[in-house]
Amino acid sequence: MNLTSKQSLIAIVVLAVICIFLGAQLFLGNKNYDELTNEYGQLEIDKEQVVLDLEKMRFSYDTLQTENSMIIAEIAAQRDRVDGLLTKVKNGNWALGRAKKEAETLKTIMKGYIATIDSVNQLNNALTEENSAMRDRVEEVQDRNSLLEERQENMSEIIEAGRVLQCADIQALGVRILSSGRQRETSRADRTDMIKVCFTLLENRISEPGSKLLHLRITGPNEKVLRSGDGDAYSASRNIDYANERLDACVFYTNEGEDSGLEPGTYLVEVLEGEIVIGSVSTDLR
């Protein structure tokens, strides 16, 4: 082998070594590029995931509803933290690892607010139900009180009505007064100088004992009331001493205005205590 051939062989070997070296370097470079590309892609995926988590968290904060002013202020502050972190992650101004940790912290805080608001709402619902039940009980008590007041009023009316005297065995007779002063019963209207009304007051234990003013109202056939001589609205009146026991009494109407006697016909005789009729009877004078 001559010198030229040796030199050519050496050159070929050197070139082969260089090619192998360059090929190896190219292979390693492509491998590193692929690895870097994969790492960058994963970083982008992680970044997008963090951004998505932060946006979902922001939406969740917006949906939290409460009437507690302190919790509202705290939620607003945490929402601002989420907005700030979201801006930094989108702009690449925040280490992704730190952003993940911060996002997890904010998510944990948000879960605490959700639990707190849920507890407060449950408490408010319980208080609302309790207030509703209390209102129902108050209305029930008011209804009972109204019913008791109504019963008391009715009982008062019943008692008041029960205090009114009642009379029985009422009799009304025409009386003629003779010149000698003696009295004689008569059924003739033209000879009647007086109408005698007798009755029995019944026993009444709840009436106030003492003097009772009783009135006599006699309505004639012409539907006019026979009035006493002093112009009273009644035909006659009398005070009776009543002791809550049966008592026989009489009241007299004297005909002083008609010299010719009374008009023939049927007379309605009523006994009254105050304005209340406690007994009545009819009598005929011919």
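The values are calculated or read from the model by the stated rules, or taken from the named source; none is laboratory data. Predicted, not measured: the structure shown is a model, and the values here were computed from it. Here the Cβ positions follow ideal geometry from the backbone for every residue, glycine too, while neighbour counts run over all protein chains shown.
Computed quantities for the displayed model
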{"quantity": "Subset of region 191-219 (residues that are in a loop (DSSP other than H, G, I, E, B) and within 59 Å of the chain's Cα centre (by Cα))", "calculated": "Leu202, Glu203, Asn204, Arg205, Ile206, Ser207, Glu208, Pro209"}
{"quantity": "Ser211 being in contact with a helix residue (DSSP H, G or I) (Cβ under 7 Å, 6 or more places away or on another chain) and farther than 17 Å from Ala172 by Cα", "calculated": "no"}
{"quantity": "Filter result for the condition that a residue is assigned to a loop (DSSP other than H, G, I, E, B), among the acidic types (Asp, Glu), modelled with pLDDT of 85 or more and surrounded by fewer than 11 Cβ atoms within 10 Å (Cβ to Cβ), over Glu223, Glu245", "calculated": "Glu223"}
{"quantity": "Lys88 being at pLDDT 75 or above and assigned to a helix (DSSP H, G or I)", "calculated": "yes"}
{"quantity": "Count of region 184-218 residues which are surrounded by 14 or more Cβ atoms within 10 Å (Cβ to Cβ), farther than 20 Å from Thr266 by Cβ and of a type in the set (S, T, N, Q)", "calculated": "3"}
{"quantity": "Pairs with Cβ under 7 Å, 6+ apart, first in region 173-192 and closer than 9 Å to Leu285 by Cα, second part of a strand (DSSP E or B) and polar (S, T, N, Q)", "calculated": "Gly174/Thr186; Thr192/Thr186"}
{"quantity": "Within region 196-218, tally of residues that are over 30 Å from Asp284 (Cα atoms) and among the charged types (D, E, K, R)", "calculated": "2"}
{"quantity": "Residues of region 226-242 that turn out to be of a type outside the set (Gly, Ala, Ser), over 54 Å from the mean Cα position of the chain (by Cα), closer than 23 Å to Thr283 by Cβ and in a loop (DSSP other than H, G, I, E, B), as a count", "calculated": "2"}
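Here's the yes/no breakdown for (1) modelled with pLDDT of 70 or more; (2) of a type outside the set (A, V, I, L, M):
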| site | (1), (2) |
| --- | --- |
| Asn131 | yes, yes |
| Arg137 | yes, yes |
| Asp143 | yes, yes |
| Leu147 | yes, no |
| Arg151 | yes, yes |
| Asn154 | no, yes |
| Glu157 | no, yes |
| Ala161 | no, no |
| Val164 | yes, no |
